[in-house]
Amino acid sequence: MYKHSVSILGTGFIGLCSAACFAKQDIKVIASTHNEKKAEIIKNFQSPFFEEGLEEMLQEIRNKNPELLTCITDPVKAVLETDISMITQGTPMREDKSIKLDYIESTAEEIGEALKKKDDFHLIVVRSTVVPGTTRNLVGKIITDISGKEPGKDFGLCMQPEFLAEGKSLEDTLYPDRIVIGEYDIKSGNMLQDFYEYFYGDHLENCPILRMNLESAELVKYGNNCLLSTKISYANEFANFAELVPNVDVVEVMKGVGLDYRLNPRFLGAGVGFGGSCFHKDVNAIKAWSKSRGYNARLLEAVLDINDDQAIHIVDIAEDLVGSLKDKRITLLGLAFKPGTDDMRSAPSIRVVNELEERGVTNIIGYDPKAKETARVEFGDRIQYADSIQEALKNSECALLITDWDDFKKLTPKDFKTHMKTPNLIDGRRIYPYEEFKAELPFRAMGRIDFKD
Ligand code: UDX
């Protein structure tokens with residue numbers, strides 16, 4: 001077993017996936033959440049949310065050594081009984097789109113309370129996404145004020161940004177492409193590096209550990225998510241260029257661009273735009289942060305605008321194909337923000353439903369292989385929910401493909417022709433072979449038009 005034990009303060013995707021991966025590698029972990037129901041579920045080695053492979057990993061830990069992972073509702077106790085504490089609380093978006101640091105703040109207070117009673121050196125690692133300065137000026141300061149202890153002497157302070165994507169959380173945690181350690185001082189950074197040298201072992205041969213100051217590490221995370229979202233909006237801008245010229249296909253264009261050795265083809269997928277808990281939140285947070293310091297983030301403003309407009313654009317394309325959608329029955333294939341998850345946060349489907357309603361459409365039916373319940377929380381009775389693709393297509397007059405689930409990729413023109421009243425289809429994720437579908441159906445795809453359109 002590793003010499004140091006770890007408390008994980010916050011049991012969302014980052015927290016629980018890390019807790020499970022660490023425990024699986026013989027590191028003693030105490031997870032802490034204020035949510036008693038959640039703690040009960042985790043204590044039973046189950047996952048309170050869906051994440052590929054997580055439940056299986058938790059069961060594996062239970063079968064191997066259940067002592068390695070516990071979950072409690074007392075963060076002070078969790079800190080007191082461990083050597084390293086990782087803050088993995090959410091940093092959601094406020095109404096004004098800036099970052100909400102309340103959970104980070106209250107966790108820092110709890111750590112401060114614990115350290116007041118502790119004499120041994122303790123390492124604090126912020127792993128939540130936080131705007132530059134937060135680890136030092138908020139977390140470090142609160143802990144110092146409450147505990148009377150000194151950073152660098154009595155406790156260590158690091159910031160380690162997390163790059164995991166939902167649906168791939170375990171894989172991304174186990175096999176990262178780099179580890180970024182932001183450190184208050186060398187001793188703190190060394191302690192965290194030692195931890196990861198134990199945890200990752202041989203994987204570190206292909207995974208550099210970058211050491212830098214706290215603020216640079218905080219900014220790396222924003223740099224990452226902002227560049228990924230910029231790539232998507234850039235691809236969408238080119239999708240809109242492609243639609244200005246018959247028979248130009250954005251998929252081919254982006255393939256040609258992405259093979260440049262200085263770029264790469266990932267995240268150049270055009271369509272109905274990005275969603276999820278991170279891209280909107282983080283792009284908005286760093287934009288609001290820079291504005292509060294007198295700098296206007298013009299590029300990021302455009303990234304968000306282009307993304308929002310794609311949801312309006314897919315509805316424009318549908319109206320161009322079908323005419324007014326007002327009294328028509330419309331099908332949305334896919335509601336979750338991406339395949340492999342039931343997460344509806346900032347999902348493109350929300351913006352599409354808003355736009356359809358804006359144009360007077362009231363007869364909308366959605367189908368998602370995983371997100372029926374979470375979508376119901378989001379939309380209530382604004383839309384209907386199908387239990388199968390067939391049910392979603394039945395009597396429909398226009399289908400919009402919103403999420404690129406594998407189940408949808410298998411559909412053929414015949415499926416649409418058989419089940420729909422009028423088989424109009426718009427491909428918002430470019431998953432269907434254009435020529436084949438175009439020959440068989442009234443069909444449009446984002447990022448391509450042909451002479452006949
Ligand atoms: C993202 C980052 O990938 C991850 O590193 C970070 O830690 C959290 O945010 P996630 O939000 O889980 O992860 O999903 P991701 O797979 O990145 O997809 C985000 C959105 O972009 C999805 O809506 C997806 O459909 C969309 N997307 C992705 C595109 O529209 N085009 C693409 O080419 C790729």
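Evaluate region 152-159: report whether one residue or more is open to solvent by 30 Å² or more (accessible area, probe 1.4 Å), without any contact (Cβ under 8 Å) to a residue 12 or more places away in the chain, within 25 Å of Gly140 (Cα to Cα) and part of a loop (DSSP other than H, G, I, E, B). Yes, because at least one residue in region 152-159 is open to solvent by 30 Å² or more (accessible area, probe 1.4 Å), without any contact (Cβ under 8 Å) to a residue 12 or more places away in the chain, within 25 Å of Gly140 (Cα to Cα) and part of a loop (DSSP other than H, G, I, E, B).
For (1) farther than 28 Å from Asn240 by Cα; (2) open to solvent by 40 Å² or more (accessible area, probe 1.4 Å); (3) outside the structural domain of Gly271 (by TED's automatic domain parsing); (4) assigned to a helix (DSSP H, G or I), each residue gets a yes or a no:
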position	(1), (2), (3), (4)
Thr331	no, no, no, no
Lys338	no, yes, no, no
Pro369	yes, yes, no, no
Val377	yes, yes, no, yes
Asp387	yes, yes, no, no
Pro423	no, no, no, no
Arg429	no, yes, no, no
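For the criterion of being farther than 21 Å from Ala165 by Cα and assigned to a helix (DSSP H, G or I), Ala19 fails. The sole residue among Ala235, Ala239, Ala270 that is in contact with a helix residue (DSSP H, G or I) (Cβ under 7 Å, 6 or more places away or on another chain), closer than 24 Å to Ala302 by Cβ and not in a helix (DSSP H, G or I) is Ala270.
Listed by first and then second residue, the pairs linking a residue in region 401-421 that is assigned by TED's automatic domain parsing to the domain that holds Val315 to a residue that is away from the ligand (no atom under 16 Å from the Cβ) and β-branched (Val, Ile, Thr), with Cβ atoms under 9 Å apart and 6 or more places separating them unless they lie on different chains, are Asp407/Ile389; Phe408/Ile389; Leu411/Ile389; Asp415/Ile389; His419/Ile389; Met420/Thr331.
Per the listing Pro246, Pro265, the residue uniquely near the ligand (Cβ under 10 Å from one of its atoms) and open to solvent by 10 Å² or more (accessible area, probe 1.4 Å) is Pro265.
Between Gly256, Gly294, the distinction of being exposed (fewer than 14 other Cβ atoms within 10 Å of the Cβ), in a helix (DSSP H, G or I) and either free of Cβ contacts under 8 Å to residues at least 12 places away in the same chain or within 11 Å of the ligand (Cβ to nearest atom) (or both) belongs to Gly256 only.
Within region 1-12, being surrounded by 24 or more Cβ atoms within 10 Å (Cβ to Cβ) and hydrophobic (A, V, I, L, M, F, W, C) holds for Val6, Ile8, Leu9.
Restricting region 113-125 to residues that are open to solvent by less than 30 Å² (accessible area, probe 1.4 Å) and without any contact (Cβ under 8 Å) to a residue 60 or more places away in the chain, the residue that is farthest from Leu219 (Cα to Cα) is Lys118. Taking the listed residues Lys221, Lys231, the one that is basic (Lys, Arg) and either open to solvent by 20 Å² or more (accessible area, probe 1.4 Å) or more than 14 Å from the ligand (Cβ to nearest atom) (or both) is Lys231, with no other qualifying. Pairing residues of region 327-348 that are closer than 12 Å to Gly275 by Cα with residues that are open to solvent by 40 Å² or more (accessible area, probe 1.4 Å) and near the ligand (Cβ under 10 Å from one of its atoms), at Cβ distances under 7 Å and at least 6 apart in sequence or on separate chains, gives Phe337/Arg345; Phe337/Ser346; Pro339/Asp404.
The values are calculated or read from the model by the stated rules, or taken from the named source; none is laboratory data. This is a predicted model, so every value here is computed, not measured. Cβ atoms come from the backbone with ideal geometry, glycine included; neighbour counts cover every protein chain shown. Side chains are part of the model used for accessible areas, which takes the heavy atoms of the whole protein and leaves out ligands, DNA and RNA. Shrake-Rupley method; radii C 1.70, N 1.55, O 1.52, S 1.80 Å.
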